[in-house]
1. Is at least one residue of the range 299-312 in contact with a Gly (Cβ under 8 Å, 6 or more places away or on another chain) and over 30 Å from PRO64 (Cα atoms)?
2. Going by the structure shown, is THR65 modelled with pLDDT under 85 and under 21 Å from LEU99 (Cβ atoms)?
3. So which of LEU26, LEU96 is out of contact with any strand residue (DSSP E or B) (no Cβ under 7 Å at 6 or more places or on another chain), within 28 Å of ALA228 (Cβ to Cβ) and surrounded by 18 or more Cβ atoms within 10 Å (Cβ to Cβ)?
4. Scan the range 259-281 for residues that are open to solvent by 30 Å² or more (accessible area, probe 1.4 Å) and within 15 Å of LEU371 (Cβ to Cβ) and report the count.
5. Can you name every one of the helices (runs of 4 or more DSSP H) wholly within the range 310-403 that holds 3 or more residues which are touching a helix residue (DSSP H, G or I) at 6+ places or on another chain (Cβ under 9 Å), modelled with pLDDT of 90 or more and under 19 Å from SER56 (Cβ atoms)?
6. Return yes when HIS113 is part of a helix (DSSP H, G or I), open to solvent by less than 60 Å² (accessible area, probe 1.4 Å) and within 20 Å of LEU223 (Cα to Cα) and no when it is not.
7. Do we find a residue being open to solvent by 50 Å² or more (accessible area, probe 1.4 Å), more than 26 Å from GLY42 (Cβ to Cβ) and in contact with a Lys or Arg (Cβ under 8 Å, 6 or more places away or on another chain) anywhere in the range 315-334?
8. Please work out if LEU82 is of a type in the set (A, V, I, L, M, F, W, C), modelled with pLDDT under 90, open to solvent by 30 Å² or more (accessible area, probe 1.4 Å) and closer than 20 Å to PHE347 by Cα.
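The values are calculated or read from the model by the stated rules, or taken from the named source; none is laboratory data. Only a predicted model underlies this, so the values are computations on that prediction, with no experimental measurement involved. Cβ placement follows ideal geometry from the backbone for every residue including glycine, while neighbour counts extend to all protein chains displayed. For accessibility, only protein heavy atoms count, side chains too; no ligands or nucleic acids. Shrake-Rupley method; radii C 1.70, N 1.55, O 1.52, S 1.80 Å.
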Amino acid sequence: MSSEPVVDVRDPAVLDDPMRGYDRVLAESPVCWARLPGGTEGWLVTGSDEVRAVLSDPAVRNDPTGLPGPGAQTQEEMFLALGTPPEHLPYLRASLLSLDGAEHTRLRRGISHAFSASRVETLRPRVQQIVDGLLDGLGPATVDLLEEYAYPLAMAVVCELVGVPETDWADWYRWGKVLVDGDPARITPTLGEMFAYCHDLVDKRRAEPSEDLLSEVVAQDDLTDVDAVALVVFLVLAGHETMAHMLSNAALALMRDPAQRELLRTEPELWPAAVRELVRTDGPVQLARLRYAATDLEVGGVKISAGDAVQAVLGAANRDPARFACPHHADVRRQAEHGGREGSVGFGWGPHFCLGVALAKVEAEVALRSLFDRFPAVHVVGEPAWVPLPRGRHRIALEVRLR
């Protein structure tokens with residue numbers, strides 16, 4: 001593709017309003033040539049049908065190895081260009097986010113049963129216990145809801161599931177902060193600490209299995225120690241950052257919509273549907289992972305060439321007026337009327353559909369319902385600030401008063 005980009009995703013007109021910035025792109029074209037967050041050029045896909053098509057097409061891959069054009073570099077070359085030490089490459093290559101096809105299916109199948117709805121439901125009492133403990137410690141003054149509630153809760157729950165001892169949760173919280181902030185000088189030593197820690201934990205679980213996910217992982221003959229370490233790092237980091245922002249975003253949306261809060265107070269059975277709807281309107285992940293076309297293909301009537309970068313915009317697809325009436329308005333009854341089926345791509349789509357979706361729903365339901373039941377007058381202090389992060393992401397600085 002040689003024409004000038006139609007859109008620059010790094011334009012302040014897009015970045016300054018991340019929940020609506022891509023809507024303006026969608027209104028012009030659901031598939032357009034753009035300058036992407038990393039500075040490269042590629043296809044920006046914003047339409048609901050088009051995003052689903054891209055994310056479910058096996059010809060659109062996470063791994064650009066062997067492809068023509070700008071995507072010709074291997075993942076290894078991409079990581080090395082970012083300053084990744086060679087000794088870290090095996091773990092990054094083994095991440096579920098880096099894999100496609102049969103290898104991705106193999107690793108995912110090895111842990112998917114641990115995230116089934118029935119298995120996750122057994123964790124609800126423990127999630128409630130963690131939530132109650134955190135709520136007991138909040139207030140009475142101004143509270144940073146993301147830092148003092150959402151982040152600690154998300155980290156505690158995923159560490160509990162994986163099998164990270166509670167005495168080590170603070171280390172993971174610290175490591176997660178370093179990786180989210182994106183300072184290259186700190187990321188490399190932090191990754192080294194994480195990988196070393198995980199190898200020690202894998203050795204301990206091999207010697208003394210426990211009732212946790214890691215013990216099940218290391219018992220599988222077809223998973224190497226590198227596979228196990230990569231899975232732990234992926235699950236803990238992916239499971240806490242996005243979950244924390246999901247809780248913060250959803251809490252803010254409900255604090256701004258008294259009618260929906262009152263509806264949930266009088267009809268608490270709507271909470272599961274509310275979580276699904278809030279993921280649609282206020283989900284924490286606006287952009288899917290960058291992918292590459294493995295062959296020439298057509299999406300939404302637009303021809304995409306093999307090797308082209310493809311960026312699916314989940315946030316825009318979730319507010320596509322072609323699929324959703326009043327797309328910006330969170331209506332908890334909307335999802336209830338879908339009979340429990342996913343009404344959005346907030347948790348992704350296709351082979352890389354979020355592995356922890358059942359856990360995320362239970363966690364969000366317990367956390368949000370408990371917050372508003374305990375503190376019905378909780379409200380935002382001032383105007384929430386969108387803090388930019390690397391790779392086109394943001395976090396909300398959310399100050400609240402509980403009473």
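1. If we filter the range 299-312 for residues that are in contact with a Gly (Cβ under 8 Å, 6 or more places away or on another chain), which is where we start, we get 300, 305-311.
From what's left, over 30 Å from PRO64 (Cα atoms): none.
There is no residue in the range 299-312 that is in contact with a Gly (Cβ under 8 Å, 6 or more places away or on another chain) and over 30 Å from PRO64 (Cα atoms).
2. Working: modelled with pLDDT under 85: no; under 21 Å from LEU99 (Cβ atoms): yes.
Taking the combined requirement at face value, the residue does not satisfy it.
3. Working: LEU26 fails: within 28 Å of ALA228 (Cβ to Cβ).
The unique qualifying residue is LEU96.
4. The total comes to 3.
5. Numbers: elements: 314-317, 332-336, 357-374.
In the range 310-403, the matching helices (runs of 4 or more DSSP H) lie at 314-317.
6. Working: part of a helix (DSSP H, G or I): yes; open to solvent by less than 60 Å² (accessible area, probe 1.4 Å): no; within 20 Å of LEU223 (Cα to Cα): yes.
The answer is no for HIS113.
7. yes
8. On the way: of a type in the set (A, V, I, L, M, F, W, C): yes; modelled with pLDDT under 90: yes; open to solvent by 30 Å² or more (accessible area, probe 1.4 Å): yes; closer than 20 Å to PHE347 by Cα: no.
Against the criterion (of a type in the set (A, V, I, L, M, F, W, C), modelled with pLDDT under 90, open to solvent by 30 Å² or more (accessible area, probe 1.4 Å) and closer than 20 Å to PHE347 by Cα), LEU82 does not qualify.
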